[in-house]
Amino acid sequence: MDGQVNKPHRASKKSKEKKKQHTGERNPKAFAFSNPGKLAKQAARSHDIREKRLHVPLVDRLPDEPPPRLVTIVGPPGVGKTTLLKSLIRRYAKETISDPVGPITVVTSKKQRLTFIECPNELEAMVDIAKVADIVLLMIDGNYGFEMETMEFLNVLAATGMPGNVFGILTHLDLFRKPQALKDAKKRLKHRLWSELYQGAHLFYLSGVLNGRYPDREIHNLSRFLSVMKNPRPLVWRNSHPYTIIDNYRDVTHPTKIEEDEKCDRTIELSGYLRGTNFAAQGQRVHIAGLGDFTIASMETLPDPCPTPAMEQALAKATGKSGRRRLDEKDKKLYAPMADRSGLKITGDHIVITREKGFNFDKDAEDVERGEGEQLIIDLQGERRLLGQTEKGVKLFSTGEQITHVPEDADTGRKTQRKARFAERDGSDDEGDELPEDEGFVSGDNEDDEEGSDAEETEFSEQKLGKLFRKKDEDKTGDDDIAFADSDSDLGSLSGGEEEWDSDEDQDDEDLDSDEEGAALKWKDNILERAKMLHGKRRPYRAVDLARLMYDERVSPKEALQKWRGEEEEEQEEDIEQDEDDTFFRPTGRGVDDDLAEDRMVPRFDYEELATKWSNEDAVEALRNRFATSNLLDENEEGDEDDEMGDDDEDDEGDGAFEDLETGETHGGDENEEEPEPEPEASLEAEREKNARRKEELKLRFEEEDREGFTNDKAVARREAGQEEFGEDDWYEAQKAILQKQQDINKAEFENLDETQRVAVEGFKAGKYAKLVIEGVPAEFVNKFQARLPIVVGGLSATEDRFGFVQVRIKRHRWHKKILKTGDPLIFSLGWRRFQTMPVYSISDSRTRNRMLKYTPEHMHCFGTFYGPLIAPNTGFVCFQSFSASNPGFRISATGTVLSVDESTEIVKKLKLTGAPYKIFKNTAFIKDMFNSALEIAKFEGAAIKTVSGVRGQIKRALSKPDGHFRATFEDKILLSDIVFLRAWYPVKPHRFYNPVTNLIGWQSMRLTGEIRRDQNIDTPQLKNSQYRKIERQTRRFNPLRVPKALAASLPFKSQIIQTKPQKKETYMQKRAVVVRGEEKKTRDLMQKLTTIRKDVVEKRRAKKDEKRVEYQKKLADTEERMENRQKRETKAYWEREGKKRKPGDMGGGGGKRRK
């Protein structure tokens, strides 16, 4: 018992396996997918979504202060466009506009503005608006559905460039009586809009009109959606062209020209926000849609009429002025110059005021109370006469007399320019306070003109200039003092008109001018200190000043360098009393010293010394060794070069010592002249080392200059070698980063320039509000101006200003009823232009030639060639046959894209020349009536010809005597009745016809001949040979077949000809005739009547049976329908019962055993 060993108890699991503490790491089992198929679908969908947002990266040219987004309201007439525009303006600006016309800009948020414009119901306006619209509000009558204008506008958008934001708005929904009908209409129109745009396009609903506006809650939802939208992907055309939508127009033509000729060309001012790329500072070519091509005469930026709060805060922060609340603060929220705002309409610098009671401008009316403004207008209603032509004279003041003439001997004022006056002053003032020296203002060239001397004397007086321009004997200036003038004009400009004022000085001037009471005396206080402030400050180094100094011919290079460095100029002592009139002369930069001769455009040389030097053959040989073709291994030549050229290097312009003006380092020189002459091998190695150091220095300098860019050698080498590794989405982000970084570099470089230089180099940036002056505008534009029509000004590139043949891929629109014919005029909307031209359609024939087509093919593309402006390839266009609204059908004729542009084109069409043989010799024949001369035959020698029967041949040579006849050979003998034809190709040239659509000044399109005859009721001329005539065919009589008796006798029995001989006597039947008499005749008559009655009865019985048969078929169909409905109900009830019996787990597929 003692040795018995019992089996130990099993240890508990809790004690054996202690619970593991959570380490905080991610448990992969907790995040696993239970369904692998679902995982694959989700991964594929995520990848698709990620790939859809990847596009070719485009440069974002949107400026920091972007222009307002252009919101266009488009729709057919009577759909509620004006009501929606009034509602949106009321929502944003809290103001009611009775007649919203033209672009209306409102501030919607801190950094965003919107420009609303209502598109009129004209196809020309819709085409222009589609090219510039950023957001499109598509108005649809929910009670009627899509109309033709809506579909036309959508197709124009698709062809010219679909903006990213197109929204549908359903109106007139309050006309639906039943909720279910309203729901069905919304669903139907939504899916129809999706099929035209994209799946998921937004559709808003406006139920009804309250107090002339749509409900506030619905407008609020729409406005919130417009305010939070992001900028879509820019369109290629808008991202590469400058353009603007004009919101203000003004005629600035001189009134005298209009009086002389009312139809003279006008000069107009167009104002608007600049969009797209930058406008060129000078000579920008533009196209005004509906008017033509023009060159901008002048252009300048204006203050933003509708700034955002962020822009006002930035301006206040830059100027240091706190924003003030003004009475016109509300006006800053809305800018509508063409619209009628509560009776006030602003057009340029004109203000039109409307009053309900009207105005009384009758100058002959008496005892009428008028306001001051009305009286002023009445006074201006006199005859238009020039000054001095009035009979009553001129009255300058209300209390003065009328001036009728000006006496010549009267004292009419100062005849000469006013000069500075000097007064005595104490010398102690000058000793204690010395004026700082001026920065060296320069005058014009020295001229011996007395008038110029007087002008310079008054402008540049000694006391007004700095220490640099004073005379040697300054002890005399201690006794003189400036006599204070009566006004600023008497004193003149303190700085001579060429010094720039700093911002601090501007602030001081504003403080001095703010007090109106002491403004007449305060400018005299502290004049000496202000002069010190003006001339004593040294402006810091700026890179922009270098460009001005480099191209200023009045400043010598030495003086320009000193000014750029900011060094103190040496006091130049000049004797300005050389002239008795004390005329001040300033030496210009052209008179340079001899030590600055190297800065001259043409250096000064001693030509005799040069002739002596280069007459020596050793010097010429030494110069030859300096080129790459010289023999550097030749010891003698290398030693001679060092000996000979060592003495003459002093006068050589390019081999001496030079100093780097930026760093101050000295390169080259005579530092190595005293070293012993090395061996030839050592000199070669030294030359190589020198070249290697020079290359390395240039490389480092280039990389230092290009350290911010992406074109340095290392970056290029990495890209070419393909060593740059990108992740799944890194490449797209890297390309965007490259574009953004380059844009930041350009922006940083332009920020160093002042505004004038920046505009000259960069142009007028987008986002600015600018004024464009256009000259040579037809007078009809002013007379027919309509504010409701949009005016789009688009910039043209150098290529687009040229004309040539444009080849396009074109397809007739599937909704256009008629096919298009070659040579018929067609209106193209291509780029900014709308023009009429005559295209020629063609198709590629076996990829060897473009064969002309007479008509466009059905349901397929073809080529089109027309004469017009050269546009970049891949530009979309849309075509119309007419802009007339009376056209009942779909007005868009065709759409397509530009393939290529060229000055010439190659299109051919079939040409078949026919001839007839008149002599045949075996396989040779003489052909006539195909050519007119031997010259034409010579061009077609060796050409293949063919007969109608299919015999092929070849043209050999022209015959000598009958002009136009030739000899041809064939593969077989032909007949005289054969017709020979030659299949050739004839080149077709499109007509050079270009008719711009100038609808703003009146335009007449090119019409077809049939249209002209129809409009003028002219009958179509009928040619005699083209008229239909009655065909009279003569009866042809053929001879009977006569077979010879010998041949007929030899024929077999089956083929023998059997001919019945005509009987000479009458037959039995011909001799006798049947005559019905008596009872037989009555019997036949009765039988005929009975048969007729029977037929009538049978017919009525058949009709009755047909009617019963139709009723029976109808009854049978009803029975079958009831049976079918009953069967459906029973089937549905059965499966409802069976479905409740089955469990959810039984929904799987079959194959298993059924449970009991």
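Could we say that R967 is over 30 Å from G292 (Cβ atoms), assigned to a helix (DSSP H, G or I) and open to solvent by less than 100 Å² (accessible area, probe 1.4 Å) here?
Numbers: over 30 Å from G292 (Cβ atoms): yes; assigned to a helix (DSSP H, G or I): no; open to solvent by less than 100 Å² (accessible area, probe 1.4 Å): yes.
Here the answer is no, as R967 does not meet what is asked.
For (1) touching a Gly at 6+ places or on another chain (Cβ under 8 Å); (2) among the hydroxyl-bearing types (S, T, Y); (3) surrounded by 14 or more Cβ atoms within 10 Å (Cβ to Cβ), each residue gets a yes or a no:
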position: K946; (1), (2), (3): yes, no, yes
position: R952; (1), (2), (3): no, no, no
position: F981; (1), (2), (3): yes, no, yes
position: W985; (1), (2), (3): no, no, yes
position: H991; (1), (2), (3): yes, no, no
position: L1000; (1), (2), (3): yes, no, yes
position: S1005; (1), (2), (3): no, yes, yes
position: D1019; (1), (2), (3): no, no, no
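Filter region 791-823 for residues that are of a type outside the set (V, I, T) and closer than 20 Å to F279 by Cα; which is surrounded by the fewest Cβ atoms within 10 Å (Cβ to Cβ)? Only one residue tops the list, namely A798. When the criteria are applied in full, A872 meets the requirement of being touching a residue at least 40 places away in the same chain (Cβ under 8 Å) and over 29 Å from T150 (Cβ atoms). Checking each residue of region 272-291 against the condition of being closer than 26 Å to S98 by Cβ, surrounded by 13 or more Cβ atoms within 10 Å (Cβ to Cβ) and not polar (S, T, N, Q) gives at least one match.
Candidates A885, A916: the one that is over 21 Å from H287 (Cα atoms), open to solvent by 20 Å² or more (accessible area, probe 1.4 Å), outside any loop (DSSP other than H, G, I, E, B) and of a type outside the set (V, I, T) is A916. All of F890, F866 fail the test of being farther than 20 Å from V806 by Cβ, open to solvent by less than 30 Å² (accessible area, probe 1.4 Å) and either touching a residue at least 60 places away in the same chain (Cβ under 8 Å) or acidic (D, E) (or both), apart from F890. Just to be sure before I move on: is V878 among the β-branched types (V, I, T), closer than 30 Å to V951 by Cα, modelled with pLDDT of 90 or more and open to solvent by less than 40 Å² (accessible area, probe 1.4 Å) in the structure I sent? Against the criterion (among the β-branched types (V, I, T), closer than 30 Å to V951 by Cα, modelled with pLDDT of 90 or more and open to solvent by less than 40 Å² (accessible area, probe 1.4 Å)), V878 does not qualify. Comparison of T924, T837 shows that the only residue that is open to solvent by 10 Å² or more (accessible area, probe 1.4 Å) and among the β-branched types (V, I, T) is T924.
How many residues does region 77-103 hold that are at positive phi and not in a loop (DSSP other than H, G, I, E, B)? Steps first, answer last, please.
Our first condition is that a residue be at positive phi; within region 77-103, this holds for 78, 80, 94, 102.
Those left that are additionally not in a loop (DSSP other than H, G, I, E, B): none.
Number of matching residues: 0.
Taking the numbered list (1) crowded, with 19+ Cβ neighbours inside 10 Å; (2) farther than 30 Å from G804 by Cβ; (3) among the hydroxyl-bearing types (S, T, Y) in turn, T905 passes all entries but (2). Quick test for you: out of T83, T105, pick the one residue that is modelled with pLDDT of 90 or more and touching a Cys at 6+ places or on another chain (Cβ under 8 Å). Of T83, T105, the one residue that is modelled with pLDDT of 90 or more and touching a Cys at 6+ places or on another chain (Cβ under 8 Å) is T105.
The set of residues from region 841-863 being under 21 Å from A984 (Cβ atoms) and open to solvent by less than 10 Å² (accessible area, probe 1.4 Å) comprises Y841, S842.
Which of the residues that make up region 34-63 are more than 17 Å from V236 (Cα to Cα), surrounded by 10 or more Cβ atoms within 10 Å (Cβ to Cβ) and among the β-branched types (V, I, T)? Those that are more than 17 Å from V236 (Cα to Cα), surrounded by 10 or more Cβ atoms within 10 Å (Cβ to Cβ) and among the β-branched types (V, I, T): none in region 34-63.
The values are calculated or read from the model by the stated rules, or taken from the named source; none is laboratory data. Source: prediction; values computed, not measured. Glycine gets a Cβ as well: all are built from the backbone with ideal geometry, and neighbour counts include every protein chain shown. Accessible surface areas use protein heavy atoms only, side chains included; no ligands, DNA or RNA. Shrake-Rupley method; radii C 1.70, N 1.55, O 1.52, S 1.80 Å.
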